[in-house]
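Bear in mind these aren't lab numbers, they're just calculated from the coordinates by the rules spelled out. Computed from a predicted structure; not experimentally measured. Every residue, glycine among them, receives a Cβ derived from its backbone with ideal geometry; neighbour counts consider all protein chains shown.
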Ligand code: NAD
Ligand code: GLY
């Protein structure tokens, strides 16, 4: 079973392969036609599961394969890990005709992508995502980054991969909580862009059934990637429409920062963030109460948190949201749904309005 999509970006276009037990070597031969030296970047959770198999497939296809194993976790998405990749590349004697392969979730993908963007001023790379979140979101679209102690994803580049190959077999070993977190981003696509897909998820998004049914998973990942590819093709560097992909992220980042990064998973924070954005949208008359309730119900069914953490106030949100990269000319920019299946960016929401809505939400959840 192999599905193929294309991200259309002129000379930087690339394929997305989605399937089961993918032959990475064969697929990457097409994306990286010269028999290159290839550095696999992975981490110490994914390596014992998938490194040998991936190395074997790439070696059999004629690549000279090296690897570097980073420590697992968002807290290692740092300049030190980035330097570890650089050191591995230099020590292996690799030059400008090498390529990188990111084997792992979004953390590995973002770091390997940034390393590829900057090693010798840029070498090609491919994404081999192994989490649901990475398959439906972070591996596609070319956003790469590492964190700075003062902010998440503060140092990075837009740099597109040469191919993405998502082997859904990898989800068999992914913890259920991580699958749920990935569903946060999946639901996002339905809310911002595709009402039919949202309704499809309402019919199918029972986590246990989802994990069991690979055909359904493939169809779901494919639809998410198609939407992301369509949005990125229109606006690669987030000058306009691409910002809708950040639904829930402004509120979500505030929750992640408040609790300390890593306490809630990114997709969990995005799930609650989407509820808060929808609640704000309801107060602006953009979303009906029935639509708001459908959004909350789907997020809850995917086993994502739906309540603001104990003790977190409207003031905490505003203080933390002001640090977000998406603040422009002093205004916090909110992505809000317009019903289900459409969304837009709003820069006219005052802190007073946001605070009032958040305070009311907190009161209602008590
Ligand atoms: P992650 O990379 O931390 O992976 C989650 C956990 O699952 C990790 O412990 C990882 O080692 C483990 N894991 C990965 N694959 C596995 C498998 N098949 N079996 C068992 N365990 C496995 O987290 P994530 O949710 O994939 O990504 C989150 C990151 O992605 C954040 O840093 C976020 O900023 C970034 N992100 C980037 C973009 C983008 O457009 N570039 C978009 C969304 C999120
Ligand atoms: N995850 C948001 C984006 O890729 O633009």
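On the beta carbon distance between residue 235 and residue 153, with R0 = 25 Å, the FRET formula returns roughly 0.85. Obtain the nm distance between the two label points defined at residue 318 and residue 75 by a simple spin-label model: each point lies 7 Å from its Cα along the Cα-to-C-beta direction. The modelled label-to-label distance comes out at 3.2 nm. Geometric descriptor of the chain, per residue, is 123 Å³ (volume of the convex hull of the Cα atoms). Estimated from the Cβ-Cβ distance and a Förster radius of 22 angstrom, the FRET efficiency linking residue 169 and residue 6 is about 0.45. Among rounded, prolate and oblate, which fits segment 302-358 when a ≥ b ≥ c are the square roots of the eigenvalues of its C-alpha gyration tensor, a/c under 1.5 means rounded, and a/b larger than b/c means prolate? In terms of gyration-tensor shape, oblate. Axis of helix 214-234 versus longest Cα principal axis of the chain: the two differ by about 80°, to the nearest ten degrees.
Taking 0.36 nm per residue of separation and subtracting the current Cα-Cα distance, fully stretching the chain between residue 347 and residue 34 would add 108.0 nm. How would you classify segment 241-366 from its alpha-carbon gyration tensor, with a ≥ b ≥ c the square roots of the eigenvalues: rounded for a/c under 1.5, else prolate if a/b is greater than b/c, otherwise oblate? Here segment 241-366 falls in the rounded category. With R₀ fixed at 22 Å, the C-beta to C-beta distance from residue 338 to residue 300 puts the FRET efficiency at about 0.50.
With a ≥ b ≥ c taken as the square roots of the eigenvalues of the C-alpha gyration tensor of segment 1-157, please select rounded if a/c is under 1.5 and otherwise prolate if a/b is larger than b/c or oblate if it is not? Because its axes are fairly even, with a/c under 1.5, segment 1-157 counts as rounded. Beta bridges assigned by DSSP with both partners in the chain are antiparallel in approximately 40 percent of cases. Taking the C-alpha atoms only, the angle from helix 195-204 to the longest principal axis of the chain is near 80 degrees. Centroid-to-centroid, using Cα positions, segment 26-45 and segment 158-237 are 23 Å apart.
Compute the distance in nm between two label points, each set 7 Å from the Cα along the Cα-to-Cβ direction, one at residue 219 and one at residue 21. About 2.3 nm, to one decimal.
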